[in-house]
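Visitor: This is the structure I have questions about; it appears just below.
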Amino acid sequence: RMTALVRSELMKIRSTRMWWGLLGGALAFVALNVVAQALAPATEGVPALGDPQGVRNVWASAGSAGTVFALVLGILGMTTEYRHRTLSATFLVTPRRSPVVVAKMLAHALAGFGLGLACCALTAALAIPLLAAKDAASISTSTILSVLAGALLATTLYAVMGVAVGA
């Protein structure tokens, strides 16, 4: 029963333009963030690319940019059902609200993870050549992977929190 509810929620996410618009917005924001941090001149109080913390900040763009859009995805995933009055049909099929909300949270967790994965991929595609061209400080692969894993976790959790806020 729960699997069918989650599949139904995933279909709602995939079949709306909202998902694609938020994904496009998140990727545009990630690109802007990575390029701005990589090309910005050194200023006081902001670590430069010669500092490992500055390079880490460039990699962290995946999470910082993606979480806002994941939160909005979760909020809209719940509130648009109220706005368009499509939630009534869902509650007629599943009268108890808690399984519906849990299914929405699980589906949006998967969508948030997908959004985070796309943000991480774009960050890597932009950061690797930009940091190499700027002769940036070297940081370990494990640091990069932990930053990207944190970004994936953050976008996943923010999408779930968005559903909770929308509910």
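The values are calculated or read from the model by the stated rules, or taken from the named source; none is laboratory data. No experiment lies behind these values; they were computed from the predicted model shown. Backbone-built Cβ (ideal geometry, glycine too); neighbour counts: all protein chains shown. Each accessible area value is taken on the protein alone, full model and side chains, heavy atoms only, with ligands, DNA and RNA left out. Shrake-Rupley method; radii C 1.70, N 1.55, O 1.52, S 1.80 Å.
Listed here are the residues, each with its yes/no results for (1) hydroxyl-bearing (Ser, Thr, Tyr); (2) under 18 Å from Thr155 (Cβ atoms); (3) in a loop (DSSP other than H, G, I, E, B).
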residue	(1), (2), (3)
Ala38	no, no, no
Leu73	no, yes, no
Tyr82	yes, no, no
Thr90	yes, no, no
Pro95	no, no, yes
Gly112	no, yes, no
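Visitor: Please work out which residue is farthest from Leu71 (Cα to Cα), limiting yourself to region 83-100 and to residues that are open to solvent by less than 80 Å² (accessible area, probe 1.4 Å) and touching a Leu at 6+ places or on another chain (Cβ under 9 Å). Explain how you work it out, then say what you get.
Guide: Taking region 83-100 and keeping what is open to solvent by less than 80 Å² (accessible area, probe 1.4 Å), we get 86-91, 94, 98-100.
Of the ones still in play, those that are also touching a Leu at 6+ places or on another chain (Cβ under 9 Å) are 90, 94, 99-100.
On the way: Thr90: 22, Thr94: 25, Pro99: 21, Val100: 19 Å.
Filtering region 83-100 for residues that are open to solvent by less than 80 Å² (accessible area, probe 1.4 Å) and touching a Leu at 6+ places or on another chain (Cβ under 9 Å), the one farthest from Leu71 (Cα to Cα) comes out as Thr94.
Visitor: Looking only at region 101-117, filter to residues that are open to solvent by less than 30 Å² (accessible area, probe 1.4 Å) and closer than 13 Å to Ala167 by Cβ; which one of those is modelled with the highest pLDDT?
Guide: His108
Visitor: Turning to a different aspect of this structure: Exactly one of these conditions fails for Cys120: (1) open to solvent by 20 Å² or more (accessible area, probe 1.4 Å); (2) at pLDDT 95 or above. Give me its number.
Guide: (1)
Visitor: Can you tell me which residue in region 132-151 is farthest from Leu23 (Cα to Cα), limited to those that are in a helix (DSSP H, G or I) and touching a residue at least 40 places away in the same chain (Cβ under 8 Å)? Please lay out each step first, then the result.
Guide: So the first thing to find is which residues in region 132-151 are in a helix (DSSP H, G or I), and the list is 132-133, 141-151.
Right, trim to touching a residue at least 40 places away in the same chain (Cβ under 8 Å) and you get 143-144, 147-148, 150-151.
Working: Thr143: 26, Ile144: 23, Val147: 20, Leu148: 17, Gly150: 19, Ala151: 15 Å.
Only one residue tops the list, namely Thr143.
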